[in-house]
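> Pasting a structure here, questions to come.
The values are calculated or read from the model by the stated rules, or taken from the named source; none is laboratory data. This one's a predicted model, so the numbers in the text were calculated from it and none came from an experiment. Please note: Cβ atoms are built from the backbone with ideal geometry, for glycine as well, and neighbour counts cover all protein chains shown. The accessibility values were calculated without ligands, DNA or RNA, using every heavy atom of the protein model including side chains. Shrake-Rupley method; radii C 1.70, N 1.55, O 1.52, S 1.80 Å.
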Amino acid sequence: MPTSVSAQQDETIFDLGKKIKLLSHEVAAYVSDDWDITQKLKLNAGLRFGSFTQTGTFDRYKKDLFGKITDTVHYTATDIVASYNGLEPRLSLRYSTGKNSSLKASYTRNFQYIHLASISSVSLPTDIWMPSTEVIKPEVCNQYALGFFKNLKDNMYEASVEVYYKTMSNQIEYKEGAQPTDNIYDNPDNAYTFGKGWAYGAEFFLKKSKGKFTGWIGYTLSWTWRQFPEINYGEKYLAKYDRRHDASLVVTYDANKQWNFGLVWVYGSGNRGTLPNGFFLYEGSLSNDYGLRNSYQFVPYHRMDVNVTYTPNRAKKLERRRLALIDRQKERGLDTNNIVVTKKWKKNYQNSFTLSVFNVYNRYNPYFIYVTREGDFASGTLKVGAKQVSLFPILPSLTWNFKF
């Protein structure tokens, strides 16, 4: 039910049409295998078959050129509304260039039967998942990747660099000016238009897996484009989730068996959206004049999380109990030889305490942006502004983990 809407005021319930349910079935099967072509060259190949079917009960509304419903096609529970299937090959080659280094190349083809539709003119996250229908075809993706991987200093460090290129067809977007609520008394897939997309970039990664200090650092430089005949005058534009820079740092320090410290820092270029760049008066109402699709970029997202974990030493705890028991036995004048403190249920019992701080420097990352208007347009006192809403400030938490 991707676009179901309900409204009520006091005891009054507004009729916004029946909820449209999109029912479907998906099935898949795959096979894969590894081959050692030579001592240095290895191949992994696979093939996946997927099938997707939309079924009834469902009503398809037929409309004329003016958008008026002229007919309704009813599908029963046993009817097939739309059906799609396809083969998805995947191929990966690995060539050893040395004892601790290798080159890897891969190709993957994927079908996606569930689509993510985003409204860029509403900065509030209003993404909707839509299944494939007779109007919405499955998305098809072809991805190519090439990378170099190397281990250093007796596998203490792992390093890699990888480049990729991806093509995407049957992409969906809302039509210009469309809103999810426009589909009341209508099929939700009538609000979409279709086009293509492509993405490319490079990923850099370094990991340390041995020693008291461990962790990894990663960085991705990427571009994600979309092009639709009915959007942005047919010109290409950056996708909503285009992220030029994406970086992450994870550090862990094991001081001893009892104390562990961790730090995580993430950074990402801001999402893109379409905000008004002007206003106009139409039939007495002030309306927004939007710029080009996704021409506005939010401020970058970044934050740091820290944590410390304490794991009690069970051996020391049992020893303290043994010594306390010896003292009590001595006070009573009893034999203190061969005193052992054991409890059967404690054999597999473990626990730890973790203090975490989320967003330790209280970064106000954008969740959505909305436009404010104060004053009157006719009198010349109109003031227009934009405000940002953020979620999750600095948040400390204490966790007790135990198992037995």
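> Please work out which option in (1) 4, 17, 26, 25, 19, 7, 1, 0; (2) 4, 13, 19, 21, 19, 11, 7, 4, 2, 0, 0; (3) 5, 21, 28, 21, 12, 6, 4, 2, 1, 0, 0 gives P(r) over Cα pairs in 10 Å bins from 0, in percent calculated from these coordinates, and answer with its label.
Checking each listed value against the structure points to (2).
> Where in the chain lies the longest segment free of GluC sites (Glu not before Pro) that are both loop residues by DSSP (not H, G, I, E, B) and have at most 11 other Cβ atoms within 10 Å?
Longest run free of exposed loop sites: 12-234.
> Heavy-atom accessible area per residue, the chain, 1.4 Å probe: how many Å²?
Heavy-atom accessible area per residue stands at 63 Å².
> Between Asp127 and Leu65, with labels modelled 7 Å along Cα→Cβ, what's the label distance in nm to one decimal, could you check?
In this crude label model, Asp127 to Leu65 measures out at 3.9 nm.
> Between Glu283 and Ser96, with labels modelled 7 Å along Cα→Cβ, what's the label distance in nm to one decimal, could you check?
So the two model labels end up 7.4 nm from each other.
> Shifting gears a bit: List the trypsin sites (Lys or Arg not before Pro) in the range 139-225 that DSSP assigns to loop (not H, G, I, E or B) and whose Cβ has at most 11 other Cβ atoms within 10 Å. Which are they?
Lys153, Lys210, Lys212
> Then there is this: Sorting Arg332, Arg243 by accessible area (1.4 Å probe), largest first, what list results?
Final ranking, largest accessible area leading: Arg332, Arg243.
> Right, something else. Using only C-alpha atoms and all pairs of different ones, pull out the Kirkwood radius for the range 247-293 in Å with one decimal.
Its Kirkwood hydrodynamic radius stands at 15.6 Å.
> Can you pull a Stokes-Einstein diffusion coefficient for the range 31-149 at 37 °C (0.692 mPa s), Rh from Kirkwood over Cα pairs, as a whole number of µm²/s?
The estimated diffusion coefficient comes to 178 µm²/s.
> Of the listed pairs Lys19/Lys240; Lys166/Lys387; Lys212/Lys330; Lys150/Lys240, which have alpha-carbon separations greater than 32 Å here?
In this structure, Lys166/Lys387; Lys212/Lys330; Lys150/Lys240 lie more than 32 Å apart at Cα.
> Ignoring ligands, DNA and RNA, what percent of the 1.4 Å accessible area of the chain is carbon and sulfur?
The C+S portion of the solvent-accessible surface of the chain is 56 percent.
> Next question. Considering all alpha-carbon pairs of the range 193-330, what whole percent are spaced by more than 21 angstrom?
The calculated P(r) of the range 193-330 puts 67 percent of pairs beyond 21 Å.
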